[in-house]
There are 4 protein chains.
Amino acid sequence: MCRWLAYQGEPLRPSTIVLDSKHSIVAQSLDSPLGAETVNGDGFGFGWYPSGAKAGTEPALFHSIEPAWNDENLRELTRAIESPLFFTHVRAAAGPPIQQTNCHPFRYENWMFMHNGAISGWPRVKRDLTIAIDPLLYPHVYGTTDSEVLFHLALTLGLRDDPVDAMGRAFRMVESVGHDHDVKFPWQGTVAVSDGETMWTFRYSSQGRTRSLFHAADIPALRKMYPDAERLNLFGDRARVVVSEPFSDLPGVFVEVPESTAVILDGEGYRHEPFLAD
Amino acid sequence: MCRWLAYQGEPLRPSTIVLDSKHSIVAQSLDSPLGAETVNGDGFGFGWYPSGAKAGTEPALFHSIEPAWNDENLRELTRAIESPLFFTHVRAAAGPPIQQTNCHPFRYENWMFMHNGAISGWPRVKRDLTIAIDPLLYPHVYGTTDSEVLFHLALTLGLRDDPVDAMGRAFRMVESVGHDHDVKFPWQGTVAVSDGETMWTFRYSSQGRTRSLFHAADIPALRKMYPDAERLNLFGDRARVVVSEPFSDLPGVFVEVPESTAVILDGEGYRHEPFLAD
Amino acid sequence: MCRWLAYQGEPLRPSTIVLDSKHSIVAQSLDSPLGAETVNGDGFGFGWYPSGAKAGTEPALFHSIEPAWNDENLRELTRAIESPLFFTHVRAAAGPPIQQTNCHPFRYENWMFMHNGAISGWPRVKRDLTIAIDPLLYPHVYGTTDSEVLFHLALTLGLRDDPVDAMGRAFRMVESVGHDHDVKFPWQGTVAVSDGETMWTFRYSSQGRTRSLFHAADIPALRKMYPDAERLNLFGDRARVVVSEPFSDLPGVFVEVPESTAVILDGEGYRHEPFLAD
Amino acid sequence: MCRWLAYQGEPLRPSTIVLDSKHSIVAQSLDSPLGAETVNGDGFGFGWYPSGAKAGTEPALFHSIEPAWNDENLRELTRAIESPLFFTHVRAAAGPPIQQTNCHPFRYENWMFMHNGAISGWPRVKRDLTIAIDPLLYPHVYGTTDSEVLFHLALTLGLRDDPVDAMGRAFRMVESVGHDHDVKFPWQGTVAVSDGETMWTFRYSSQGRTRSLFHAADIPALRKMYPDAERLNLFGDRARVVVSEPFSDLPGVFVEVPESTAVILDGEGYRHEPFLAD
């Protein structure tokens, strides 16, 4: 339903990958070859941990209901700052209204979350899933999307203690409630979540046919493959990117994440783990 | 928290009272002498039953997050149409986000609803009141305001069968839930609701100190009082208006609605009824 | 660069053709098969002469910087009103900023104007063309588009007296100024203009390869061709539509307007005239 | 017509003065005691030179048509960055449309400009003043305000070489053209302009009754006056602020700038110079 990009590594000017590449995520907002929809023009969001911020610092958010491709503020902002960890999301709304509170990424304290996909049968299951949110967290749900409810379910189920376990339990709860309401394949999607230091991304769907997810290859390896690619010099050796859809056509730059997989980025590279793969 | 205006009578070009008077509701958006806040710049809404529409027709809505005073579309629209029954609302947000789904009036089928005031302790009581909404109506709550939840509570409690009884029960439920959460004066406000033929307005607060509410005097009586007032010729004999705040300084044009009162407009004039006045 | 639709005939609920057809102009805002761009998401406009208005009445305008496909207000408005003559335009911006003052249609007194195409070399020729506008009309240019300047040039050159002659002179001036600045093909586009009674549309470009333009066939003829097409019953016998792109796949419903042609609608049907065809 | 704030000094989190004080400029957007208008809700702008940027770097801009008081993005942004030189402006529109291109500050290369006040008789003089802009600069005028035209006149008249002289010549040109069109007092206002290193501010009006302008006292002096004021510890010794209106009630913190004065900030403190004072 949407497209997203998550970066972690040396502080980077976000425009380098958000704007300045042929298939940048902003370009994908207007034309996304691999997307369920080719146009992702129903608002966008950009969230970043400021460069030099202490552990536990809240990320900052920029949300807009304009299409990303014509938003001047996004261009200005992503050219003026640097960040060691940022999320960008362009939205193709399935139905809920176009408003800033429905723009990803969502935030809770120092945690940031975004999603591409959908909870099927949302109008039927929304109430049950919303009631399942911890009453203390409930007032922090500001919008109307399935994604934001999922984030708060994961928080309710222990995201801050064990992200992989909590996301798994949240997906299982979505499936359980969906099945109770005769939804055949309740969950579909890819998710990225971070506490500002580690980044966890997930590819899973009830049907086993999940929206696309890729991550870049390691920069040092890419430098060996493409010694003449000057563009690679814009990135540090620890620069890592997870995306709905590659923004480069160069063979080998992007690697598909398998179905039912969690990819964990904690400074040691991309680590794959089986996820709800039974 | 807000200012509103409700008109019923001969089809009227809404700009006549929405724009073209010294203290019009659009002027009140920038400067409201009697308001709890002087500026009502956090979006607005205009809802109207089209002229000539059959009974049971849905009203049309125009919602914007811009301040009403600088919205060109509102000027254009209210000058180009005529309507026998319309609502206008300018918002001063207490807290929930500024988004179209939080703009009054709200609609359900042929019913239209707006509110000035607040449910006190909203973050504490929101969950209980939201769960009390009929699960079949729950998916129709699109925004995050106390007002929209109140409307759906009233629908749950029988608004379509007996509006005065249902609004009374909704206010009592708000008070009951509020008291459970140690809120001293849970309900504050004035409300307007219509099915397209009859209009019900309410002035009530738990503390007995409700936001202001007025209605105009009968046009034929005003014509006798002010035989030279050409502006009165813009209105038909059955033109009736209920407002948060008078838009005319002429003595006698507006009459204050007492505390704990429902005002019913069904084509026979303004009918006052005691409301929750025990 | 854009897509537009112009209707003239019996008062019609605009949603009938603006929203409710497979390739409606709102659907074209998201996916335009014949457009120079497939996405026309950079704002839109809707202008209408109210039903029953006297000759010489100003049209009303609704302009928005949101994509038409997700604008709730457009849906509400076009379902609630009827109009005997209305324009709709969805924009794909070539460059000037996305703002309401750059949304078509433009208005001057009772005249309404919209355009699909471009003045080539705009940054180079903008100043000369702007200075050529009658100084009394100059303050009425509120935005930054080539289209609005063209409209005011045409007004300067006699649009209100002889629309076909004035539009021809305006195009020629654009070509003359463009050639002075080494622009090879200065003018490209289709234009619609109306005074509320007659509608003039133009297809012309300096290169002779103009953006597409079509008009519908006569409704009585269509009824004979498609006696079972219930949808045709929504239209009166005098309903006429000119569009950038057909919104129906039925063979014979839409007729292409030839290059260098003016189509005039004055209540007597579609009248073609050669235009700048030398 | 508006309110503005300009900061220069040690890199500062802008929220410190943009948001977090009783009479912050965002608070002034809703209620400005000294303003010509009390509400400045017609959009706003924030422009900043990034911390650590080289001389000659373009400032970044954030423009919005929302009222500043309810814009979440402004809060997020000004809390997440630091800057050694930034401008903030809240707008009360005299007339031109509410659009991002009319939001201050304006930018040309590494120069940034903002204005509070007005060119009187603007519709009458706009054309002559616009034509006086260097044709090479003309395409950089994106909006419709008097302020942006003034900025480009000043650029035309040598702003980049001698800011004080060029601003003086621009004001004189405005006065000359105004007088030609029978405008009695053509110029009114305060202006701030910077190249990223030095900041020039101006207070001048044709009538000699200019909108208010203040600057803060030196921080070391304030520390001696208020040894217990912890808030002062948020600022470095070289922190300097020029504002339309004080944001602190503490006596001695803000000093009024006299009529017909330029205040120059080049790292050596506030330097006053007589300006057009004949």
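The values are calculated or read from the model by the stated rules, or taken from the named source; none is laboratory data. Because the structure is a prediction, the values reported are computed rather than measured. With ideal geometry, Cβ positions are generated from the backbone for all residues, glycine too; neighbour counts draw on all protein chains shown. In case anyone asks, the SASA skips ligands and DNA or RNA and just uses the protein heavy atoms, side chains included. Shrake-Rupley method; radii C 1.70, N 1.55, O 1.52, S 1.80 Å.
Per residue of chain D, the DSSP helices (runs of n ≥ 4 H) give a summed -39500 (n - 2.57) that works out to -6500 deg cm²/dmol at 222 nm.
Measuring spread by the Cα atoms of the range A:85-149 yields a radius of gyration and Dmax of 12.0, 36 Å. In chain D, the beta-carbon sitting nearest the axis that superposes D on C belongs to the residue given here with its distance in angstrom, D:GLN99, 2. Each other copy places its own label point for D:ALA229 at 5.3, 5.6, 7.7 nm from this one, sorted shortest first, where the point lies 7 Å along the Cα-to-beta carbon line. Largest GNM mean-square fluctuation among D:GLY117, D:GLY189, D:GLY95, using chain D with Cα springs under 10 Å: D:GLY95. Kirkwood radius for the protein assembly as shown, taken over all pairs of different Cα atoms as the inverse mean of 1/r, rounds to 31.5 Å. Shielding by partners for peptide D:58-64, expressed as the average number of C-beta atoms from other protein chains within 10 Å of each residue's C-beta, is 4. For the range B:184-278, place one equal point scatterer on every Cα, skip the solvent, and apply the Debye formula. What is log10 of I(q)/I(0) at q = 0.17, 0.18, 0.22 Å⁻¹? Log-scaled intensity ratios, in q order: -0.77, -0.84, -1.12. Calculated accessible area for the range D:96-239 comes out at 39 Å² per residue, all protein chains present (probe 1.4 Å; ligands, DNA, RNA ignored).
With 26 Å as the limit, the listed pairs C:LYS22/C:LYS224; D:LYS126/D:LYS184; B:LYS22/B:LYS224; A:LYS22/D:LYS54; B:LYS22/D:LYS126 have A:LYS22/D:LYS54; B:LYS22/D:LYS126 beyond it between alpha carbons.
Using equal-weight Cα scatterers in the Debye expression, the normalised intensity of the range D:114-272 in log10 at q = 0.09, 0.12 Å⁻¹ is -0.35, -0.58. Across the identical copies, the label point of A:THR198 (7 Å from Cα in the Cβ direction) is separated from its matches by 5.4, 6.3, 7.6 nm, in order from shortest.
So what is Rg over Rh here for chain B, counting just Cα atoms and using Kirkwood for Rh? Radius of gyration relative to Kirkwood radius: 0.94.
Per residue of peptide A:73-85, the mean number of Cβ atoms on other chains within 10 Å of the residue Cβ is 4.
Mean partner shielding of peptide D:114-126, defined as the number of other chain Cβ atoms within 10 Å of each residue Cβ, is 1. Sorting the segments B:193-205, D:27-39, B:77-89, A:176-188 by their mean number of nearby beta carbons within 10 angstrom, highest to lowest, gives B:77-89, B:193-205, D:27-39, A:176-188. Counting only protein heavy atoms and using a 1.4 Å probe, the accessible area of B:CYS2 comes to about 10 Å². What separates the C:ASP182 label point from its copies, with the point 7 Å along Cα to Cβ, is 4.6, 7.1, 7.8 nm, written shortest first. Using C-alpha pairs below 8 Å separated by at least 6 residues, the relative contact order for chain C is 20 percent.
Taking all protein chains together and a 1.4 Å probe, the residues B:MET167, A:MET173 rank A:MET173, B:MET167 from largest to smallest accessible area.
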